[in-house]
1. Once the piece of chain linking D99 and S334 is laid out straight, how much longer is it, given 0.36 nm per residue of separation minus the C-alpha distance between them?
2. Hey, could you pull the Cα Rg and Dmax for the range 22-88, both in Å?
3. For a quick check: with amide H placed at 1.01 Å from N, whose amide H comes under 5 Å from A55's, ignoring anything fewer than 5 positions away on the same chain?
4. Could you sort D75, D99, D290 by accessible area so the largest value comes first, with the probe set to 1.4 Å?
5. Round to a whole number: what % of the accessible area of the range 225-356 belongs to carbon and sulfur, probe 1.4 Å?
6. Got a sec? Charge dipole of the range 294-389, +1 on Cβ for Lys and Arg, -1 for Asp and Glu; which of G343, V388, G372 is way out at the positive end?
7. Here are labelled values, (i) 21; (ii) 50; (iii) 17, and one is the computed percent of Cα pairs over 37 Å apart for what I pasted. Which one?
8. Kindly identify the range 47-138 as rounded, prolate or oblate by the Cα gyration tensor criterion: order the square roots of the eigenvalues as a ≥ b ≥ c, call it rounded if a/c is under 1.5, otherwise compare a/b with b/c, prolate if a/b is larger, else oblate.
Amino acid sequence: MAAIVAGKRTRLSLMLQTDIQSNATSVPLAPEWDSTVDGCTCTSECGASVGDGFACDWCYVKSGCGRTTLGQPWDYCVYQGMHEFEQQDHSVKMTQIWDDITAPDVVHKSAHPKGITGVVSQILGESMRTTLDNHRDVLPNGRTKVIHTQGVHCQFQLDIVPDSKLTGIFEPGTRKGLIRMGSGTSRTLSFFPGMGIKFFRSGVHSANFVALRATGPGGSNDFFNGTLSNHVAPPAALQALMKFQQASNCAPFVGLSDVCSYSQEGEKVDEPQFPFEILFQATGQFRIPDEHEMSDDELLIHLSKIPVETHLFDVYTIASPKAAAEKLGKLTTSSECVQSLFGDTRLSFKHQRIEEDFLQRPSWTSDVNFTGCEATSAPASKWQCPGVQ
């Protein structure tokens, strides 16, 4: 296998590993060593290599397990959910993650932003599939964020309208969640407001999705000027690298069917009702100065000043590609908003392939006309590495 030619990888120390530890009473968020599709335990960190165009993560394993090439045993990595953590109540999970975010040695600190050279080299040298196939709430060992490297983190409350026809997290009532806000790239390159949304659920995996400024990078320097959507094309320069197509035929879209498949209490929905698109319209209760010379640090400082109980967004959904937007509810902060090294270097927001939504709603595909999206109703396995689920 050409991957072997890349040379044997040894386990690297995670950045700030000694500084970013869970509380003594917390359950593990990730295993000490990752495992593989054949049930082997990795003896090196997982990562991609040139043999398959940096498409699939793999690791070395002990002799007699997995696959062998040129006398070296190896196998494809899987990032399964952490059962002990997932079995907890959603409020306990939130407490553990928030304690990690606000631990004294990481709170009010941020990772370093990446320049264009760092962004491009990292995108080219790692698998894009991992973002969609990592089932944990933290990044795999050794992996760092290539974009959205800095953010501000807040707990929030989502109050959903009583007549919502959606299910799971979006059914009528009040949900508790975690939001991470920042620019997709360093302000020295462009300004691209975006956010990750996470809802912990009792007894099952968390619900996650991401949203970006609907009009793309640029525009107003006020983060809260404009609408954010889960349907946004990446910057043209990143699209040109053709890396996102490794993971999906419609990389600009993020699916929402999983969000609507379980309630926050962990109750499974027999027939999930989910929207095609979700929109976040800023209310104007909090604004950031529209300053062209604002630095990365200044943006984070502004976002960190969002008061508790700020009604940040009105939330809307679009039921199908040709439907009109309908009010889903309102998003209000329920904690202080903080910078955090844990959030920047460890916290992960799983991206769901939109093809999983199309598979349940195949009639949508003919109505999708969006740059960078070839709407396809096909199982996720079409874009996954061998044996990965």
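1. Values: separation 235, 0.36 × 235 = 84.60 nm, distance 1.50 nm.
Gain on stretching D99 to S334: 83.1 nm.
2. 14.0, 44
3. Sorted by chain and number, the residues that satisfy this are S49.
4. On the way: D75 0, D99 60, D290 90 Å².
Descending accessible area places them as D290, D99, D75.
5. On the way: 2500 of 5300 Å².
With neighbouring chains kept in place, the figure for the range 225-356 is 47 percent.
6. Positive-most Cα among the choices belongs to V388.
7. From the options (i) 21; (ii) 50; (iii) 17, the structure gives (iii).
8. Numbers: a/c = 2.72, a/b = 1.38, b/c = 1.97.
Oblate shape, in that a/c is at least 1.5 and b/c is the bigger or equal ratio.
The values are calculated or read from the model by the stated rules, or taken from the named source; none is laboratory data. Only a predicted model underlies this, so the values are computations on that prediction, with no experimental measurement involved. No Cβ is skipped: glycine too gets one built from the backbone with ideal geometry, and neighbour counts run over all protein chains shown. Ligands, DNA and RNA are excluded from the accessible area calculation, which covers all protein heavy atoms including side chains. Shrake-Rupley method; radii C 1.70, N 1.55, O 1.52, S 1.80 Å.
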